[in-house]
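Engineer: Below you'll find the structure I mean.
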Amino acid sequence: MNDNLLDSDQIQDLLKFYPTKEEIEQIKMKFTDDSETMSKREQYILDLMKVPRMEAKLNVFMFKIQFNVLLTEFKKSLSTVNSACDEVRKSTKLKEIMKRILYLGNTLNQGTARGAAVGFKLDSLLKLTDTRSSTSKMTLMHYLCKVLASKSPSLLDFHEDLVSLEAATKIQLKVLAEEMQAILKGLEKVKQELAASANDGPVSEGFGKTLKEFIGQAEAEMTSVTEFYSIVCRNADALAIYFGEDPNRCPFEQATMILWNFVRLFRKCDAENF
């Protein structure tokens, strides 16, 4: 269990070339003691057979080595989701732009059934480039940018409030849930092998001692990560609710993608106005 002597690639090779049950049985039948006629391959298999559940122990060792990397990447994804949600909700510039869009929509629809609206669907943000003036190529998005540049230029850089948004669009909560379960399942297998190795005798004493220390540290880490994961999931749902949407109909992935596309279209139209 010394990861200074074996790395994950070497353990993967050991697992890849681990003898099958048939090969092990053949060796058992062929040799009853340490025969001098044994090949290195046969001696290797005999040595593996001296350790109970050697394949399971190698898998446990692999998980132990990969645990910190897996957890670090997982926490990084959680932090990205959490930061994106916080940045969107705390951006006063984005909120002001939303107000201007609502006012602009109500002005265009004045006197119709769609006038005097108190809000709009989030995906309507992407329709601003669909509405064009009859005499030019200017879209409603271009007009919005032009008005903001003239009257509220400080709002044009609202994208700088949303530094985590693009990275968040590449993360799926379903995948995070699967990764969380995979880590928990791996840790459970470690505990099962520790319990099974209690009856192995002296050959597994070092293995058991190392594993107990690892499990203590890993469980403490997972308690903290599980709490953070729950918080992030609630914040992801709250993002849709913040815009008056149903999280079931406009999940985190959809909401962030709409917002990111809006940012891209807004910046493109703003640049085209010059």
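Engineer: Could you give the length gained by full extension between residue 86 and residue 72, i.e. 0.36 nm per residue of separation minus their alpha carbon distance, to one decimal place?
Structural biologist: Contour length minus the Cα-Cα distance gives 3.0 nm.
Engineer: Right, another one. Ignoring everything except DSSP H segments at least 4 long, calculate the 222 nm mean residue ellipticity for the chain; use -39,500 (n - 2.57) per segment, divide by total residues, nearest 500. Numbers along the way, then the final one.
Structural biologist: Working: 10 runs with 183 residues, N = 274.
So the calculated ellipticity at 222 nm is -22500 deg cm²/dmol.
Engineer: To continue, here is another question. For the pairs 21/64; 170/191; 16/40, flag any whose C-alpha to C-alpha distance is greater than 22 Å.
Structural biologist: Details: 21/64 25 Å; 170/191 33 Å; 16/40 18 Å.
Violating the 22 Å Cα-Cα cut-off are 21/64; 170/191.
Engineer: Going by the alpha-carbon gyration tensor, a ≥ b ≥ c the square roots of its eigenvalues, is segment 129-274 rounded (a/c under 1.5) or, if a/c is not under 1.5, prolate (a/b greater than b/c) versus oblate? Before the final figure, lay out the partial values.
Structural biologist: On the way: a/c = 4.33, a/b = 3.71, b/c = 1.17.
Verdict is prolate for segment 129-274.
Engineer: Excluding residue 9 itself, what net charge comes from residues whose Cβ is under 12 Å from its Cβ, given Lys and Arg +1 and Asp and Glu -1? Intermediate values should be presented prior to the final figure.
Structural biologist: On the way: positive: 16; negative: 3, 7, 13.
Cβ neighbours under 12 Å give a net charge of -2.
Engineer: Oh, and also: How much length is gained if the chain between residue 102 and residue 17 is pulled fully straight, taking 0.36 nm per residue apart and subtracting their Cα-Cα distance, in nm to one decimal? Don't skip to the end; give the middle numbers.
Structural biologist: Numbers: separation 85, 0.36 × 85 = 30.60 nm, distance 6.45 nm.
The residue 102-residue 17 span can extend by a further 24.1 nm.
Engineer: On to the next question. List the chymotrypsin sites (Phe, Trp or Tyr not before Pro) in segment 3-89 that DSSP assigns to loop (not H, G, I, E or B) and whose Cβ has at most 13 other Cβ atoms within 10 Å. Which are they? Walk me through the intermediate numbers first.
Structural biologist: Details: sites: 17, 31, 44, 61, 63, 67, 74; in loops: 17, 31.
Hits after loop and neighbour filter: 17.
Engineer: Any idea of residue 9's accessible area? Nearest 10 Å², probe 1.4 Å.
Structural biologist: 110 Å²
Engineer: In µm²/s, what is D for segment 1-157 at 25 °C and 0.890 mPa s, where D = kT/(6 pi eta Rh) by Stokes-Einstein and Rh is the Kirkwood radius from Cα pairs? Before the final figure, lay out the partial values.
Structural biologist: Working: Rh = 22.7 Å.
Calculated translational D: 108 µm²/s.
Engineer: Sticking with this one: May I ask for the Rg/Rh ratio of segment 181-240, computed from Cα atoms with Rh as the Kirkwood radius, given to two decimals?
Structural biologist: Working: Rg = 16.3 Å, Rh = 13.4 Å.
On the Cα set of segment 181-240, Rg over Rh gives 1.21.
Engineer: Roughly how many Å² is the accessible area per residue of the chain, as a whole number, for a 1.4 Å probe?
Structural biologist: Result: 61 Å² of accessible area for each residue.
Engineer: So if I take the alpha carbon set of the chain, get Rg, then get Rh from the Kirkwood formula, what is the Rg over Rh ratio? Don't skip to the answer; put the middle values down first.
Structural biologist: Working: Rg = 29.5 Å, Rh = 23.6 Å.
Result for the chain is an Rg/Rh of 1.25.
Engineer: Take residue 137 and residue 26, extend 7 Å from each Cα along the Cα→Cβ direction, and tell me the distance between the two endpoints in nm.
Structural biologist: Once both label points are built, they end up 7.2 nm from each other.
The values are calculated or read from the model by the stated rules, or taken from the named source; none is laboratory data. Because the structure is predicted, anything quoted here is derived from the model rather than measured. Heads up, the Cβs are rebuilt from the backbone with ideal geometry, glycines too, and the neighbour counts pull from every protein chain shown. These area figures cover heavy atoms from the full protein model, side chains too; ligands, DNA and RNA do not enter into them. Shrake-Rupley method; radii C 1.70, N 1.55, O 1.52, S 1.80 Å.
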